[in-house]
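Participant: The structure under discussion is supplied below as C-alpha cells; questions concerning it will follow.
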Protein chains: 2
Amino acid sequence: MKKFTAFLFLSLSWGTSRAQDSLVIRKLSDEIMLRGKSYENLRVLCKTIGHRLSGSPQADRAVEWGVTALEAAGADRVWKQPVMVPHWVRGKENLQLKLGSEVIEVPVLSIGNTEGTQGKPLEAEVVLVNTIDDFNQLPKDKVKNKIVFFNYHFRHDIINTFEGYGDCGRYRWSAPNAAAAAGAAGVIIRSVSTGEDDFPHTGAMRYADSVKKIPAVAIGNKSADLLATRYQAGQTRAVITTDCTMEKDMPSYNVIGEIRGSQYPDEIILVGGHLDSWDVGEGAHDDGAGCVQSIEVLQAFKATGIRPKRTIRAVLFMNEENGLRGGMAYADSAKVRKENHILAIETDAGGFSPRGFGLNMSEARKKQLQRYRNLFLPYGVYDFEGGEGGADISPLSKEGVPTSGLRPDSQRYFDYHHTNADVFEAVNHRELKLGAVALAAMVYLVSEYGLK
Amino acid sequence: MKKFTAFLFLSLSWGTSRAQDSLVIRKLSDEIMLRGKSYENLRVLCKTIGHRLSGSPQADRAVEWGVTALEAAGADRVWKQPVMVPHWVRGKENLQLKLGSEVIEVPVLSIGNTEGTQGKPLEAEVVLVNTIDDFNQLPKDKVKNKIVFFNYHFRHDIINTFEGYGDCGRYRWSAPNAAAAAGAAGVIIRSVSTGEDDFPHTGAMRYADSVKKIPAVAIGNKSADLLATRYQAGQTRAVITTDCTMEKDMPSYNVIGEIRGSQYPDEIILVGGHLDSWDVGEGAHDDGAGCVQSIEVLQAFKATGIRPKRTIRAVLFMNEENGLRGGMAYADSAKVRKENHILAIETDAGGFSPRGFGLNMSEARKKQLQRYRNLFLPYGVYDFEGGEGGADISPLSKEGVPTSGLRPDSQRYFDYHHTNADVFEAVNHRELKLGAVALAAMVYLVSEYGLK
C-alpha cells in the first residue's frame, strides 16, 4: 500500500507538473506568435545591414545590432566577446564558358576562402567528371593545367537534405584539393544546391597544406546542366576571372546576452545561432533566423515574466561560416572561467517549421528530453531521434557539454543556402516564430528541471 | 511451445512483409523524387492555363489538360464525368476608402458567389466591428444602409492554421449574411489571411435565402490595418464598385484515371484533388498541387512496374471552390454504380512538406493505418491523429466510405489561399514531390492489405 501511495503521489505530481508546463509553454508560444519581435528583428538585420561576412564592415554593424537587439529583449546583461576572425574578400568575378562557337557568361560565385586569378583571365580546357571516383581514375596528364568541372548532383532521393548536403558537400570541401593535387589549373563545381534554378552557392573550403591554391568556383544547376549537355571532351573551354583573396585576420566579437537563473544561476543553458553570413544575399535563413530566434527566447521569458531557475544565455556567434573562431573562442572562455553549461542548443538550419531537436548527449539525458515529447507535439515538434548539435557549439561538445540542434523542415534550405536568394522574403513569419517557440519550450523545460 | 512458434512465425512474416513494404515505398519515393512529373505538370497547369474557376474557359482547358496528363501517366483508363457547375463572374472591382480628407484606393477582391453593385458606386459610411459578437450587440439603426467592416484577425496563436481558418472563415461565410439581415448596404472583411502583406483573399460564401444579396468584398491585412487605424466612427466612408454576378450553370467534368487492381479490381482506392480554382493567381497550392500529386501516384506505380492488388483511381474534382458539385456527382455515380470505395484520400491543403494523414473512419481502420506509422517516418510523416478527410470526398464519407486527408505543414497555406500570390513559384519542388510520396505510400499499403 505504501508503494502504491508513493506511486500515486509521484504520478499525480508528475501529471500536475506536466499540465503546468504545458500552460507555461502555451504562454511563451502566445507571446512569440502574437507579440514576438523575431520577424521584425530579422527584417532590420537583413534590410539595413544585409550580408555580413566575418571581417567586413557589415559584420561590425551586425555586432552592434546584436547588442541593441539583446538589450531591447530585456537581457539582464549583454556583452561582446572579442575574437580574431579570417577576412576573405571576394572582389569581382566572371566565368565564361566556350561551348562550340558560342561564348556564354554564366552566374558564378568563387568558393569561400579560395584564391582567385588576381583579376587576370585563366583560360583552359574543361574536363568534366561526374564524381570524385571518376576523377580519381583519370590519368594525371588528362587533368594537368585543365579546369576540372565536378558535375555531381545533389541527391534528391535523400529525404533529409542535410544528409544530402553531407553527401554532396565534399565536392566543395575536397574536390578542389583533389584537382590541385593532380595539377589542375582551376575548378568549377555544380553548386551544392537543391534549387531548380541558376543560383550559384558559395561556402567554405580549406586548401590542404600540400597543394597549390588554385581558383575554384561554383555555378548554378541550370548553368551546370548547360555545361554538361554541351560539353565536348577536348573542345570545351572556360575562362575564370576572379579577384578573391584571404587577407589578414581582423578583430570581431561574439555577442552574448543572458537572463540570470533565480535558483541555479551557475547552471547555464545556451541557445545560439551565428551572426556572420556569406557575402551574398542577406543571410536570412543562414543564420539571421537563428540569431533572432535566440534573442526571441530571452524576449519571451522577459515579456511573460517567467523567471527561469537556471541562467539562459543567447549567443550570437561570429565566424561560423569560414573559420568557427567564435565558437572556439566561446568554448575556450567557458573553460577558463569554469562555466557550467548544462545544455547548448544551436539553431542554424533555417527559419522553417520546426520538426524536432537533435540530441548529442548521454543516453540518460536523451531519455529525459525525449520524455518531454508530448509537450512539443502541439507545436508540430515530434522528432528527438537525430544526433546533431551544431557547428558553433561543437567546441563545447568536445569539452563534454550536452548539445542539441533545432531541426526545422529541411526541404527548402539548400535552395537558399549561401546564395543571393537567401533574403528576408524567403523566410515565412509563422515558420520563423514557431522555431522560436520550440526553442523557448526546450529552454524552459531544462531551466525548470535541469539536465541530469 | 506451439504458441511461441506461432508467434515467432507471425512476427517473422510481419517483419519480412514490413521490410518488403519499406523497399517498395523507397522505390516509389525514388521514382517520384528523381524522375517524377508532378512539378513539371504543375508548371504547365499554372503557366499555360492559370486560374480556372468553374464555368470559365480556363476550367474547360484544365479538363483537357487533366485527361492528357492522366493518359501520359499511364492510366489504364481515363474518362470525364459530366457535372453541371455554377458560373460566377467577377468582372471589374474597385474599393475606395475615404479617410478624413484622403481618398485611398486599396487592393480588393469580391467574395466569391456574391452579387456586385452592377458597376455603380455604392458609397456609404463605414461601421467597424471587430467580431460578430460585437456586431450582434449593435442596434440595427447603427448598421442600416452602412458598409460594415468586419475587422477580425486570423488568430496567430493557433498553431495549425486550418484550425485558425475554421475560427476566422465564418467572417467570410456568415458575416455578410448577418450584416444583410440587419439592413447593411455592403460588407468589407479583413481577409481570412495569415499574410504579413496586402493580398486580399477571396473564397466562397452563400447568401441565406432570407436576406438581400448585398455586395461583400475582402481587403488585405495591410489595408485592413490602415482602415482600422484611421477609422473614425460616423466619418469614415467607403465606395464599393463591383460587377460580379452569378450566371447560369455550365456543363463541366470531373476527370478520372485509374489503374485496375490485379487481385481485387472491384475494391477502389481513390486519391484526388480539385481541378477548379478561384479566379485569381494560378491555383498552384489550391489545388493544382493536389491534382499533380494525385496524377503522380498513378505515374509512380506505372513507372516502377508495381502492380497494385486493388484499383487505384485518381480523381480531379471540378467545382470544389464554389459548389462542390463535382464531389457530389462523383458520390452519386459511385452509389448508382454500386462501386466499392475502400478508401478515399484527398490532397487539398497545399503542396507543402507532408506531416500526416487525417483519418475519418472507424477506430479499427484507424488503428490499422496507424500501425503503418513507422513506414512513413523516414519521409517526415508522423501524425495520424487528426480526423479530417476532404471537401470533395465528404459526399462519399456520408455514404460510409472511409476518408483521409493529406496533412502538409500548414504554416504558409493561408498566406496564399485564394489570392493572386498562389502561383507556381510559391510551390517548392521537393515539398510538392514529398507529398506525392506520402500519398503513394498510403495508396500502396492499402492496395496491398485492404482496409478491413
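Participant: Could you size up the charge dipole of region A:81-140 around its Cα centre, putting +1 on the beta carbon of Lys and Arg and -1 on that of Asp and Glu, and report it in debye to the nearest 20?
Facilitator: Using Cβ point charges on Lys, Arg, Asp and Glu, region A:81-140 gives about 260 debye.
Participant: Here's something else I'd like to know. Taking the beta-carbon count within 10 Å as an exposure proxy, list B:Leu343, A:Leu439 from fewest neighbours to most.
Facilitator: B:Leu343, A:Leu439
Participant: Specify which residue in the list A:Gly36, B:Ala334, A:Tyr372 is farthest towards the positive end of the charge dipole of the protein assembly as shown, using unit charges on the beta carbon of Lys, Arg (+1) and Asp, Glu (-1), about the Cα centre.
Facilitator: A:Tyr372
Participant: Would you tally the net charge around B:Leu445, using a Cβ to Cβ cut-off of less than 12 Å, leaving B:Leu445 out, and scoring K and R as +1, D and E as -1?
Facilitator: Value of the local net charge: +3.
Participant: Most exposed first by the Cβ proxy, i.e. fewest other Cβ within 10 Å, how do B:Val239, A:Val427, B:Val255, B:Val103 rank?
Facilitator: Ordered by Cβ neighbours within 10 Å, fewest first: B:Val103, B:Val239, A:Val427, B:Val255.
Participant: Could you give the distance between the Cα centres of region A:202-266 and region B:344-403, to the whole Å?
Facilitator: Taking the Cα centre of each part, region A:202-266 and region B:344-403 sit 44 Å apart.
Participant: Compactness ratio of region A:354-424: Cα Rg over 2.2 N^0.38 Å, N = residue count?
Facilitator: My calculation over the Cα atoms of region A:354-424 gives 1.28.
Participant: Put the label 7 Å from Cα along Cα→Cβ for A:Asp266; what are its distances to the other copies, in nanometres, shortest first?
Facilitator: When each copy's label point is compared with this one, the spacings are 7.8 nm.
Participant: I would also like to ask the following. Report the GluC sites (Glu not before Pro) located in region A:317-350 that are in a DSSP loop and have at most 16 other Cβ atoms inside 10 Å of their Cβ, or state none.
Facilitator: Within region A:317-350, no GluC sites (Glu not before Pro) qualify (loop, at most 16 other Cβ atoms within 10 Å).
Participant: Let's see if you can work this out: charge +1 on each Lys and Arg Cβ, -1 on each Asp and Glu Cβ, no other charges. What is the dipole magnitude of region B:91-243 about its Cα centre, in debye to the nearest 20?
Facilitator: That gives region B:91-243 a dipole magnitude of about 500 debye.
Participant: Compute, for region B:233-361, the length of the dipole vector about the Cα centre, with Cβ point charges of +1 (Lys, Arg) and -1 (Asp, Glu) only. Units Debye, rounded to 20.
Facilitator: Here the size comes out at about 660 debye.
Participant: Report the one residue of B:Pro395, B:Gln411, B:Tyr449 whose Cα lies farthest in the direction of the positive end of the charge dipole of chain B (charges on C-beta: Lys and Arg +1, Asp and Glu -1; origin at the Cα centre).
Facilitator: Ranked along the dipole, the leading option is B:Tyr449.
Participant: How far is the Cα center of region A:34-86 from the Cα center of region B:39-60, in Å?
Facilitator: If you average the Cα positions of each part, the centres end up 45 Å apart.
Participant: Additional query: Return the calculated 222 nm mean residue ellipticity for chain A, to the nearest 500 deg cm²/dmol, obtained by summing -39500 (n - 2.57) across DSSP H runs with n ≥ 4 and dividing by the residue count.
Facilitator: -11000 deg cm²/dmol
Participant: May I ask you to report, in nm to one decimal and beginning with the shortest, the distances from A:Val103 to the same position in the other copies, taking label points 7 Å along Cα-to-Cβ?
Facilitator: In nanometres, ordered from closest: 5.9.
Participant: A follow-up question, please. Taking H placed 1.01 Å from N in the peptide plane, check which residues at least 5 places from A:Trp88 or on another chain put their amide H under 5 Å from its amide H.
Facilitator: When sequence neighbours closer than 5 places are left aside, the close amide H contacts are A:Glu247.
Participant: Using the membrane-span-like helix rule (whole DSSP H runs, Cα extent along the own axis of at least 24 Å, mean Kyte-Doolittle hydropathy at least -0.5), which helices of chain B qualify?
Facilitator: The qualifying helices are B:2-35, B:429-449.
Participant: Here is a further query. What do you get for Rg/Rh of region A:93-244 when both radii come from the Cα atoms and Rh is the Kirkwood radius?
Facilitator: With Rg and the Kirkwood Rh in hand, the quotient comes to 0.93.
Participant: Take peptides B:87-93, A:145-151 and line them up by average Cβ neighbours within 10 Å, highest first, as a rough protection proxy.
Facilitator: By packing density, highest mean first, the sequence is A:145-151, B:87-93.
Participant: Let me ask something else. Choose one of A:Pro139, A:Tyr231, A:Leu99: the residue whose Cα lies farthest towards the positive end of the charge dipole of region A:93-244 (beta-carbon charges +1 Lys, Arg; -1 Asp, Glu; about the Cα centre).
Facilitator: About the Cα centre, the residue reaching furthest to the positive side is A:Pro139.
Participant: Continuing with this model, one more query. Kirkwood Rh and Cα-based Rg: tell me the resulting Rg over Rh for region B:236-333, rounded to two decimals.
Facilitator: Result: Rg/Rh = 1.16.
Participant: Right, next: Can you work out which chain A residue has the shortest Cβ-to-axis distance for the rotation that carries A onto B, and give it in Å?
Facilitator: Closest to the axis: A:Tyr382, 3.
Participant: Continuing with the same structure: What does the copy distance list look like for B:Glu448, label position 7 Å along Cα→Cβ, in nm and ordered from shortest?
Facilitator: Nearest to farthest, the other copies are at 4.1 nm.
Participant: Rounded, prolate or oblate: which one fits chain B, using the alpha carbon gyration tensor with axes a ≥ b ≥ c (rounded when a/c is under 1.5, else prolate when a/b beats b/c, else oblate)?
Facilitator: Note, shape of chain B comes out prolate.
Participant: What residues have an amide H closer than 5 Å to that of A:Asn254, excluding those fewer than 5 places away on the same chain, when H is modeled at 1.01 Å from N in the peptide plane?
Facilitator: For A:Asn254, whose amide H was placed from the backbone, the distant partners under 5 Å are A:Gln81, A:Val83, A:Met318.
Participant: How would region A:317-452 be classified by its alpha-carbon gyration tensor: rounded, prolate or oblate, with rounded meaning a/c under 1.5 and the a/b versus b/c comparison settling the rest?
Facilitator: Oblate shape, in that a/c is at least 1.5 and b/c is the bigger or equal ratio.
Participant: While we're looking at this one, here's another question. Among B:Val24, B:Val106, which comes first, second and so on when ranked by fewest other beta-carbon atoms within 10 Å?
Facilitator: Arranged by neighbour count, lowest to highest, B:Val24, B:Val106 become B:Val24, B:Val106.
Rule-based calculations on the coordinates, nothing more; no lab input. Because the structure is predicted, anything quoted here is derived from the model rather than measured. We place every Cβ from the backbone using ideal geometry, glycine too, and count neighbours over all the protein chains shown.
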